[in-house]
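Okay, structure first, notes after.
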Amino acid sequence: MLGYVIQRLLQAVLVMLAMSALVFVGVYAIGNPIDVLISPDATQEIRAATIRHYGLDLPLWRQYLAFLGRLLQGDLGRSFVLNMPVLDLVLSRLPATLELALASVLIGAFVGVPLGIYAGYRPESLVSRLIMAGSVLGFSVPTFWVGLILILTFAVNLNWLPAGDRGPTVEVFGVGWSFLTLEGLTFLALPALNLSLFKLAMMIRLARAGTREVMLSDTVKFARAAGLSEFTILRRHVLRLISIPLVTVFGLEFGSTLAFAVVTETIFSWPGVGKLIIDSITSLDRPVMVGYLVLVAFLFVTINLVVDLSYALLDPRLRRGGRAA
Amino acid sequence: MSAFWREYRENWFAVAALVVVVLVVAAAILAPLITPQDPYDLGNLNLADARRPPGFIGSEGYTHLLGTDAQGRDLYSAILYGLRISLQMGLAAGAVAMMIGATLGILAAHAGGRVEQAIMRIVDLQLSFPAILLALVLVAVLGQGKVPLVIALVAAQYAYFARTAYGAAATERQKDYVEAARATPLPGRRVVFRHILPNCLPPLIVVGTVQVANAIALEATLSFLGLGLPPTEPSLGMLIANGFQYMMSGRTWISIYPGIALIVLIVAINIVGDQLRDQFNPRLRR
Amino acid sequence: MSALLEVRNLRTHFLTRAGVVKAVEGVSFSLDRGEIIGLVGESGSGKSVTGFSLIGLVDPPGRIVSGSIRFAGEELVGLPPARMRGLRGKHIAMIFQDPGATLNPVMTIGTQMALAVQAHGGASERAARELAARILTRVGIPGAAARLNAYPHEFSGGMRQRVAIATALLHGPELIIADEPTTALDVSIQAQILAEMKALTKQSGTALIWISHDLATVSSLADRVLVMYAGRIVESGPVAAVLRAPLHPYTRGLLDSLPAMAAPGQRLNQIPGSTPSLLTLPPGCPFAPRCPRSTEVCRTDPPRVAAPARHALCHHPLEAAA
């Protein structure tokens with residue numbers, strides 16, 4: 001087990017290095033940041049001074065090494081546009097995105113898994129067919145369109161919920177949260193629902209596929225032969241048996257939820273990191289883009305690692321001798 | 001083949017979806033013939049006709065069936081032209097991604113060893129990374145235009161094909177006859193083309209169908225975020241984005257109709273893909 | 001004393017896309033309390049489906065289309081599902097072929113067995129686990145109390161099957177249906193389990209239906225044997241009598257194909273041909289196409305040939321010819 005953990009940790013570090021290099025090289029090919037930093041009629045001296053100041057005259061690999069060195073000290077550079085440290089900028093926006101992503105993943109899991117288990121348990125019933133039709137929609141309809149419809153329905157036509165923005169937050173540990181007040185929740189509701197739809201559809205599918213397969217297994221037959229009620233079988237046996245792929249996806253999806261938040265945050269003007277990255281792309285704010293991507297990559301690698309390790313906890317067969325296959 | 005079609009026909013829902021796909025594709029191809037206006041010719045646009053509701057008779061004398069957008073484009077025409085672009089992008093991206101992905105996947109399964117490990121590591125890594133972020137960054141790096149967009153879509157999607165092809169080819173590789181064929185001095189090419197490729201095709205077709213829909217959705221999303229194609233040739237996503245600001249004031253048609261066209265197309269393709277998946281999956285047969 | 005189980009003319013069919021599969025077609029037999037019968041047949045003969053019919057667990061698209069199953073005086077065909085569930089595990093239990101597949105791999109056996117205990121009456125978790133440990137000890141699992149926290153993969157195949165048997169014994173059922181429970185095990189373990197099963201059922205007065213493709217296994221265990229072919233019971237009778245002098249040519253064929261029955265050096269006699277597709281059964285006797293004794297008359301439904309305590313479905317029974 002320990003060897004396995006160390007091996008996975010090393011892999012994670014390697015992946016992080018590769019990702020940071022890719023992101024750095026990729027992003028630094030965009031446009032010329034100098035044009036953003038100084039007015040076009042600035043003198044040649046000011047131009048050269050600025051280039052030197054930001055180290056833009058050095059070869060790319062030197063810039064990367066310097067970047068990497070600063071990165072290890074937690075320094076992601078400064079935003080060209082907002083002129084503040086990228087890390088502070090991203091960290092100030094991160095709680096909003098985390099709250100949104102967490103809310104939507106929870107909706108996806110707590111609504112999607114029961115629906116999916118039901119659809120897998122009674123695949124031929126009308127309700128199951130409706131659930132599956134809904135999941136096809138959730139999968140295929142682009143997030144931005146659903147967001148639009150949600151705003152049109154609940155904000156414009158019904159006027160029940162606010163159409164955007166974050167509304168009031170409550171400070172806990174120096175960070176503002178929406179979910180602690182009823183009013184905050186009304187602001188959170190639509191974006192969270194919007195962001196959760198894809199996850200919901202995915203959880204439904206996975207839970208349904210797993211349930212269908214497990215229901216045919218001898219384990220379920222044996223449980224039935226022992227006289228267990230169908231509900232107990234679903235809640236205890238089936239849920240346990242399908243949980244491994246579900247937890248994997250739950251974890252991995254949390255990462256991609258952060259990414260998809262880009263769209264939702266744009267539509268609902270939710271002040272998270274997603275909106276930040278879109279703004280930085282349009283204004284060619286390279287340090288913010290790089291910083292954001294490195295952070296996302298870091299989150300991804302961490303999540304992958306946690307998911308891999310939690311496999312071992314969930315599946316007793318894997319606990320010894322590392323991973324099977 | 002006829003048996004396949006007979007089974008397909010049993011699901012009327014899937015048949016309806018297929019009909020919709022065919023109709024939409026036909027309408028997109030025939031767009032110049034069945035629309036009153038070329039919405040990409042700026043000379044045709046009259047700002048006096050802008051933001052008119054459906055049924056408005058414009059300065060050119062014909063009825064705007066679905067109204068007009070903020071630039072005075074006839075929405076019906078703009079939607080069909082937008083569908084053209086969406087389909088072009090989706091199909092081009094899907095085809096290129098399938099070729100690259102399938103090649104990599106089969107190569108990995110066929111070559112084995114380090115090549116296999118290296119390719120699949122990269123593919124898996126990329127699969128765990130959200131496609132939309134990758135596409136976003138690439139579009140930002142490469143700039144706006146059709147080619148950059150297709151490159152971004154391909155980069156975001158090829159990994160799905162590689163995974164699928166690899167999975168099918170690796171299963172096939174373990175079967176005895178492929179082992180036997182590999183042991184004989186037949187050229188590897190023949191093994192690949194005669195044995196491995198045909199068995200990879202069904203899952204690739206299923207993934208391909210769904211990925212074309214995904215590419216269309218992704219393109220629309222990028223355009224909605226303002227990072228897709230140039231605004232002079234609005235795709236469906238951009239039409240929707242442009243109408244977004246007018247939605248609050250009740251001019252919902254500018255966003256709604258292009259959106260409906262987009263959704264109908266994407267959902268129909270997905271339903272067709274689902275049916276194909278069910279039919280290709282022997283495990284679900286009873 | 002009336003029989004514990006009375007099965008009359010049971011028919012279980014599967015309505016598939018390709019047609020109606022008549023997996024069980026008119027099966028009748030009875031079983032006394034504490035009696036052990038062996039239900040023998042090749043795969044596809046309908047022996048497992050018969051077992052699942054008895055416990056009300058035929059998977060769709062299969063269903064019991066007609067017939068009667070009386071268990072302790074109660075009619076099971078058409079019984080409300082809730083009542084049927086109340087019987088399962090408590091009065092009728094079942095064990096399966098592959099213990100590796102029946103036990104939940106991601107749950108400790110203690111939890112699984114406790115669930116089975118709590119399925120009938122609200123025993124506390126602690127009481128349920130104590131009962132589980134007691135029964136595990138009875139089936140020969142050493143250190144049972146400690147092993148409740150183990151997962152199935154930490155047991156050997158034979159031990160796993162003992163856990164499954166213990167689960168079936170939890171409520172002291174009147175009837176246990178065992179569907180090839182030793183087929184997946186090593187031969188030495190098989191013999192052990194057989195002996196233990198026999199002892200356990202005798203001890204508790206439990207009736208046992210032992211489903212197997214192997215006449216030899218059944219002969220050492222059962223009081224009576226039922227031979228199934230193509231959904232029908234083609235021969236039944238006391239084990240010793242049937243083995244000594246089978247009435248049905250099919251039973252003869254099964255016996256001749258047993259290694260133990262052949263003289264050393266003699267070739268094993270396989271029954272020619274293979275089990276018929278249940279979708280396209282010929283009219284009359286289903287065994288006729290493979291039968292060395294078949295004649296024209298075998299195209300009509302075979303008569304019931306009765307001898308004391310036994311019967312067969314055949315136009316040309318062996319005993320009658322002698």
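Which whole number gives the average, over all residues in A:277-286, of C-beta atoms from other chains lying within 10 Å of the residue C-beta?
Whole-number average of other-chain Cβ neighbours for A:277-286 is 2.
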Checklist entry - Taking all pairs of different Cα atoms in the stretch A:233-294, averaging 1/r and flipping that mean, what Kirkwood radius in angstroms comes out? => result 13.7
Item to check | Rounded tilt (10° steps) of A:239-268 against the dominant C-alpha axis of chain A | outcome: 40
Checklist outcome for this item: At q = 0.11, 0.14 Å⁻¹, the log10 of I(q)/I(0) for chain C from a Debye sum over equal Cα scatterers comes to -0.72, -1.12
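Which whole number gives the average count of other chain Cβ atoms within 10 Å of the Cβ atoms across peptide A:133-142?
On the way: counts 3, 0, 0, 6, 4, 0, 8, 15, 7, 16.
The mean count of partner-chain Cβ atoms within 10 Å per residue comes to 6.
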Checklist entry - In degrees from 0 to 90, rounded to the nearest 10, what is the angle of the helix C:125-138 Cα long axis to the longest principal axis of chain C? => result 50
Item to check | Residue among A:GLU45, A:GLU230, A:GLU265 with the largest mean-square fluctuation in a Gaussian network model of chain A, springs linking Cα atoms under 10 Å | outcome: A:GLU45
Checklist entry - Per the Kirkwood formula on distinct C-alpha pairs, the Rh of chain A is how many angstrom? => result 22.5
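For chain A, which longest stretch is free of loop sites, where a loop site is one of the trypsin sites (Lys or Arg not before Pro) that DSSP puts outside H, G, I, E and B and that has at most 14 other Cβ atoms within 10 Å? Walk me through the numbers on the way to the answer.
Details: sites that count: A:ARG320, A:ARG323.
That gives A:1-319 as the longest site-free run.
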Checklist outcome for this item: For the pair A:ASP88 and C:ALA82, the simple spin-label estimate (label points 7 Å beyond Cα toward Cβ) gives in nm 6.7
Checklist outcome for this item: Expressed as a whole number, the average count of other chain Cβ atoms within 10 Å around the Cβ atoms of C:81-87 is 2
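Based on the Kirkwood radius over alpha-carbon pairs, what value in µm²/s does the Stokes-Einstein equation return for the translational diffusion coefficient of the stretch B:108-177 at 4 °C and 1.567 mPa s? Spell out each step's value before the answer.
Values: Rh = 13.4 Å.
Answer, rounded: 97 µm²/s.
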Checklist entry - What FRET efficiency would be calculated for the residue pair A:THR50, B:LEU30, taking the C-beta separation as r and a Förster radius of 56 Å, to the nearest 0.05? => result 0.55
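Can you sort B:TRP12, A:TRP145 so the residue with the fewest Cβ neighbours within 10 Å comes first? Can you show the working numbers first?
Working: B:TRP12 8, A:TRP145 27.
Ascending number of Cβ neighbours within 10 Å: B:TRP12, A:TRP145.
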Checklist entry - Once you sort the root eigenvalues of the Cα gyration tensor of the stretch C:33-100 as a ≥ b ≥ c, which label holds: rounded (a/c under 1.5), prolate (a/b larger than b/c) or oblate (the other case)? => result rounded
Checklist entry - Going by how many other beta carbons lie within 10 Å of each one, how would you line up C:SER277, A:SER140, C:SER188, A:SER92, fewest first? => result C:SER188, C:SER277, A:SER92, A:SER140
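List the pairs from A:LYS199/A:LYS275; A:LYS221/C:LYS47; C:LYS90/C:LYS198; C:LYS90/C:LYS202; C:LYS22/C:LYS90 whose alpha-carbon separation is above 23 Å, in the order I gave them.
Details: A:LYS199/A:LYS275 20 Å; A:LYS221/C:LYS47 17 Å; C:LYS90/C:LYS198 20 Å; C:LYS90/C:LYS202 18 Å; C:LYS22/C:LYS90 30 Å.
Correct reply: C:LYS22/C:LYS90.
Quick one: compute a quarter of the convex hull surface over the Cα atoms of the protein assembly as shown and quote it in nm². Intermediate results must be reported in sequence, preceding the final value.
Details: hull surface 200.2 nm².
It is 50.0 nm².
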Checklist entry - Quick one: helix A:126-140 against the long Cα principal axis of chain A, what's the angle to the nearest 10°, folded into 0 to 90? => result 10
Checklist entry - Across the Cα atoms of the stretch A:39-108, what radius of gyration and what greatest pairwise Cα-Cα distance (Dmax) are found, in Å? => result 17.6, 56
Item to check | Estimated FRET transfer efficiency (A:ARG235, A:LEU137; beta-carbon r; R0 22 Å; 0.05) | outcome: 0.20
Next on the checklist: Could you tell me how many cubic angstrom of Cα convex hull volume the stretch C:140-262 has per residue?
Outcome noted: 126
Next on the checklist: Using +1 at the C-beta of Lys and Arg and -1 at the C-beta of Asp and Glu, which of A:LEU293, A:VAL238, A:LEU150 has the Cα lying farthest in the positive direction of the dipole of chain A?
Outcome noted: A:VAL238
Checklist entry - Rounded, prolate or oblate: which one fits the stretch C:2-73, using the alpha carbon gyration tensor with axes a ≥ b ≥ c (rounded when a/c is under 1.5, else prolate when a/b beats b/c, else oblate)? => result prolate
Item to check | Rg over Rh [alpha-carbon atoms, Kirkwood Rh] for the stretch C:1-147 | outcome: 1.01
Checklist outcome for this item: Fewest to most Cβ atoms within 10 Å: B:ILE34, B:ILE266 sort as B:ILE34, B:ILE266
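If packing is taken as the average count of other Cβ atoms within 10 Å, what order do C:233-245, B:129-141 fall into, highest mean first?
On the way: C:233-245: 20.0, B:129-141: 22.9.
Output ranking for C:233-245, B:129-141: B:129-141, C:233-245.
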Item to check | For the protein assembly as shown, size of Cβ-based charge dipole, Lys and Arg +1, Asp and Glu -1, in debye | outcome: 2500
Next on the checklist: Can you give me the long-range amide H partners of C:TYR229? Hydrogens built in the peptide plane at 1.01 Å from N, cutoff under 5 Å, separation of 5 or more residues or another chain.
Outcome noted: C:VAL234
Next on the checklist: Rounded to two decimals, what is the ratio between the C-alpha radius of gyration of the stretch A:85-127 and 2.2 N^0.38 Å?
Outcome noted: 1.93
Checklist entry - At each listed q (0.18 Å⁻¹), what is the log10 of I(q)/I(0) that the Debye formula gives for the stretch C:88-217 modelled as equal alpha-carbon point scatterers? => result -0.95
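Only the coordinates and a few stated rules stand behind these numbers; no lab work does. Since this is a predicted model, take the numbers as computed values, not measurements. FYI the Cβ positions are ideal-geometry reconstructions off the backbone, even for glycines, and counts take in every protein chain you see.
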